[in-house]
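Since every read-out is calculated from the coordinates, none of them should be taken as a lab result. Keep in mind it's a predicted model, so treat the numbers as computed, not measured. Ideal geometry is used to build each Cβ from the backbone, glycine not excepted, and the neighbour counts take in all protein chains shown.
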Amino acid sequence: MKKNEVKVGDTYVAKVSDRLVTVRIDSEHSKGGWNATNTATGRRIRIKSPQRLRTRTPNGARLSVKIDEIEPPKADAKAAAAKAENADAATSQLAFL
């Protein structure tokens, strides 16, 4: 996100430690950044840069996910079949050499 997109009072998904959590921006910090509250735990945190904020969420929505728990998207069946077919063809060509 960019600094001009952040609004006091709105909720955002933010990276806090090794988790993505929902935070509510409470006020601007006097030395830059924002004072925020983690909506899952109620703890106050400081957001120093807008890069920690991922996206704006509807007010009231909560999120708390450990980043390691997020699974990458699985490849579709056609791509996997084509990859396996190419590997089989390469193996059969090597067998003749």
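Numerical summary
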| item | result |
| --- | --- |
| Glu28-Thr55 FRET efficiency (beta carbon distance; Förster radius 22 Å; 0.05 resolution) | 0.65 |
| Amide H within-cut-off set for Arg54, under 5 Å, with H built and near neighbours excluded | Val13, Ala14, Lys15 |
| Proxy reagent accessibility, fewest Cβ within 10 Å first, across Thr55, Thr39 | Thr55, Thr39 |
| Local electrostatic count at Arg46 - Lys and Arg +1, Asp and Glu -1, tallied over other residues with Cβ under 12 Å | +3 |
